[in-house]
Amino acid sequence: METPSTQRPAASRAASWAASWAASWAAVASIAVGAFALVTTEFLPVGLLPQIAGDVGITEGQAGLMVSVPGLLAAIAAPSTIALAAGFDRRHVLWLMLGLLVISNVLVATAVNYPMLLAGRVLLGIGVGGFWTVGGSLGPRLRGDGEGPRATALIFSGVSLGTVAGVPAGALLGNLMGWRSAFAASAAIAALVVVALVTLLPRIPPQAGSGLKAIPLVLRRRAARIGLLATILIFLGQFAAYTYIAPFLNQVSHIEAGGLSAVLLGYGVAGFFGNLFGGWAATRDRHLALLGTVALLGTAILLLLEFGANMWAASGAVVAWGFAFGMLPIAMQVFLFSSAPDHLESIAALFVSMAQVAIGAGALVGGLVADRLGIPGALWLGTAAALATGLLLLGARGNAGATTSRRNAATSAPSHPH
């Protein structure tokens, strides 16, 4: 029989568990808000390039470097972060990276010339690379017991939300009140995120085995190599195709500007739900979730190519594409984390570097193909990359199954005396 004295410790433990549960999810949510702020700032110039170019006195091509420069710097900053911050509390690293985001936005909002503009975007690139190396790998550490994929999905939902709401809202504000006001607002949001991170993040010591020396150890693992190669292939194909989705819909599907905005909004909204579904699917079967994601992405682009002349069919294919791309980052991250659970930051740094390089290369290669073969050629490249990625993952799954079968057979085989 329970007495009041035995009930009190039980109630105390339950309250302590509930508080710990809520605190850890609040910490995860604060990182997701940081992801939202970063993505919004990273792609904010896309809708404001003509205004920026005219005000600063540069060409739109030069203004376009505001998007490509952060990606290049992020690819370099990701491995540099684990080298330079190996012994630091991870919350301090995140505070610093979001602090760089605040400074970046202030520099851009007050830029009087092109070098000052680019300096702000260089700081952003460092912040992006450092944030995703550390913050992107914290889901499994903050929420263990099988909830790591869900926590990672919540963190990456900030990416989808930034794409769906943050970037369009920033562009709208910039068009109504001037492009500088959009970056000033982003600076204010980033400052609030820093306050949230300082308030909600617990002490997070560096993971044992983290650091630059762990990268060769990670690369010796076959599953990690396969995942990183798959990252390069699918991100290259995705951005080779997606870079030219607007001209394709305009020229082939005959969707005008107003309808185009609605279709792309559908792409973004579907991506948000794809992110949530990807987190759920990855907890069931990480390999199958990634394989299904790649298959859906390639099929959606193929359907767009085949039925793109019909605007309704094209719109449906674009929404399916957005859903698949929403699943991709979380499915890929969970797959990679499972290949190196003892080196989460190292595999995250490699993922960030490979993805950023592939994004830049995809846009470049897609442009070359589009110039030679027309806009549909860039989309065919996306389909081909998805097919190659799917075959790579199928081969890896088959080899893993064969290895397991041989190991089980060897274990169960009867022994014979010599």
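All of the numbers you see were taken from the coordinates with simple rules; none came from a lab. Quantities reported herein were computed from a predicted structural model and do not represent experimental measurements. All Cβ positions, glycine included, derive from the backbone under ideal geometry; neighbour counts span all protein chains shown.
Where in the chain is the longest stretch that carries no GluC sites (Glu not before Pro) classed as loop by DSSP and with at most 14 other Cβ atoms within 10 Å?
3-255
Determine, at each q value in 0.09, 0.17, 0.18 (inverse angstroms), the log₁₀ of I(q)/I(0) that the Debye formula gives when each Cα of the range 23-209 is one equal point scatterer.
Listed by q, the Debye log ratios stand at -0.31, -1.02, -1.12.
Need the full-extension length gain, Leu219 to Phe273, defined as separation in residues times 0.36 nm minus the C-alpha distance. One decimal, nm.
Fully extending the segment from Leu219 to Phe273 adds 16.2 nm.
Can you work out the FRET efficiency for the pair Gln251 and Trp312, with r the C-beta to C-beta distance and R0 = 25 Å, to the nearest 0.05?
Here the calculated transfer efficiency is 0.90.
According to a simple spin-label model (label point 7 Å from Cα along Cα-to-Cβ), what is the distance in nm between Leu172 and Leu229?
Using points 7 Å along Cα→Cβ, the separation is 4.6 nm.
Among the trypsin sites (Lys or Arg not before Pro) within the range 220-294, which fall in a DSSP loop and have no more than 16 other Cβ atoms within 10 Å of their own Cβ?
For trypsin sites (Lys or Arg not before Pro) across the range 220-294 that sit outside H, G, I, E and B with at most 16 neighbouring Cβ atoms in 10 Å, the list reads Arg220, Arg221.
Explain nothing, just the number: relative contact order of the chain, from Cα pairs under 8 Å at least 6 residues apart, as a whole percent.
Answer for the chain is 22 percent.
How many angstrom lie between the C-alpha centres of the range 370-400 and the range 60-91?
Using only Cα atoms, the two centres lie 28 Å from each other.
At 0.36 nm per residue, and after removing the present C-alpha to C-alpha distance, how many nm does the segment from Ala384 to Arg397 gain when stretched out fully?
Computed gain between Ala384 and Arg397 is 2.7 nm.
Compute a Gaussian network model of the chain, connecting alpha carbons closer than 10 Å, and tell me which residue from Trp95, Trp321, Trp21 fluctuates the most.
Largest GNM mean-square fluctuation: Trp21.
Would you give the gap between the C-alpha center of the range 298-362 and the C-alpha center of the range 116-176, rounded to a whole Å?
Comparing the Cα centres of the range 298-362 and the range 116-176, I get a distance of 16 Å.
Thr110 to Leu288: FRET efficiency via 1/(1 + (r/R0)^6), r the Cβ-Cβ distance, R0 56 Å, to the nearest 0.05?
Step by step, r from the Cβ atoms, then E = 0.65.
For a quick check of your reading of the filter: which trypsin sites (Lys or Arg not before Pro) in the range 115-215 sit in a DSSP loop and have no more than 10 other Cβ atoms within 10 Å?
In loop regions of the range 115-215 (DSSP not H, G, I, E or B), the sparsely surrounded trypsin sites (Lys or Arg not before Pro) are Arg203.
Taking amide H atoms as placed 1.01 Å from N in the peptide plane, list the residues 5 or more away in sequence, or in a different chain, whose amide H sits under 5 Å from that of Ala85.
none
Residue by residue through the range 364-373, what is 3J(HN,Hα) from phi via Karplus (6.51 cos²θ - 1.76 cosθ + 1.60, θ = phi - 60°)? Round to whole Hz and write x for glycine and proline.
Once θ is set to phi - 60°, the couplings for the range 364-373 become 5, 5, x, x, 5, 5, 4, 5, 8, 10 Hz.
Cβ under 14 Å from Asp342's Cβ, Asp342 left aside: what net charge do those residues give with Lys, Arg +1 and Asp, Glu -1?
Charge balance near Asp342 sits at +3.
Calculate the spin-label point distance for Ala22 paired with Leu65, positioning each point 7 Å from the Cα along the beta-carbon direction, and give it in nanometres.
With each label point 7 Å from Cα toward Cβ, the separation is 5.0 nm.
If you plug each phi of the range 249-263 into the Karplus form 6.51 cos²θ - 1.76 cosθ + 1.60 with θ = phi - 60°, what whole-Hz ³J(HN,Hα) values come out, in order, with x for Gly and Pro?
Using θ = phi - 60°, the values come out as 5, 6, 7, 9, 8, 6, 9, 7, 4, x, x, 4, 4, 5, 5 Hz.
Could you quote the convex hull projected area for the chain, Cα atoms only and averaged over all directions, in nm²?
So the Cα hull casts an average projection of 28.0 nm².
Between Val198 and Asp342, what length comes free when the chain is fully extended (0.36 nm per residue of separation minus the Cα-Cα distance, one decimal in nm)?
Answer, rounded to one decimal: 49.2 nm.
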